[in-house]
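These notes concern the structure reproduced below.
What follows is calculated from the coordinates using simple rules that are stated; it is not laboratory data. Every value quoted in this text rests on a predicted model; they were computed, and no experiment measured them. Cβ placement follows ideal geometry from the backbone for every residue including glycine, while neighbour counts extend to all protein chains displayed.
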């Protein structure tokens with residue numbers, strides 16, 4: 001009988017710790033600006049973005065599972081098409 005209570009308490013405590021850690025990671029992501037996240041993504045794909053100045057979602061080109069953004073950097077502007085689980089399609093704008 002005592003062992004069963006211990007298992008229940010342990011499981012509840014483990015779930016609580018997992019959920020608490022999850023909420024902290026969400027809070028850190030929520031504080032990031034879209035231009036910083038987009039700049040990091042295109043840098044990983046080999047594009048230069050010296051200083052991210054702003055990002056705006058292109059509502060006309062975006063779809064529910066395919067977001068399109070315009071990122072303005074200090075050195076260039078880019079159109080970024082993002083689909084889940086795929087690399088972003090990046091086009092340099094003039």
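How fast does segment 33-94 diffuse by Stokes-Einstein, in µm²/s, taking the Kirkwood radius from C-alpha pairs at 4 °C and 1.567 mPa s?
Numbers: Rh = 11.4 Å.
This corresponds to a translational diffusion coefficient of 114 µm²/s.
For residue 91 and residue 31, what does the FRET efficiency come to when R0 = 35 Å and r is the distance between their Cβ atoms, rounded to the nearest 0.05? Each step should come with its number before you reach the end.
Details: r = 28 Å, r/R0 = 0.81.
The pair residue 91/residue 31 has a calculated efficiency of 0.80.
May I ask you to compute the full-extension gain from residue 61 to residue 75, defined as 0.36 nm times their residue separation minus their alpha-carbon distance, rounded to one decimal in nm?
Numbers: separation 14, 0.36 × 14 = 5.04 nm, distance 2.39 nm.
Fully extending the segment from residue 61 to residue 75 adds 2.7 nm.
Which residues in segment 39-63 have a backbone N closer than 17 Å to a point placed 7 Å from the Cα of residue 83 along the Cα-to-Cβ line?
The answer is 61-63.
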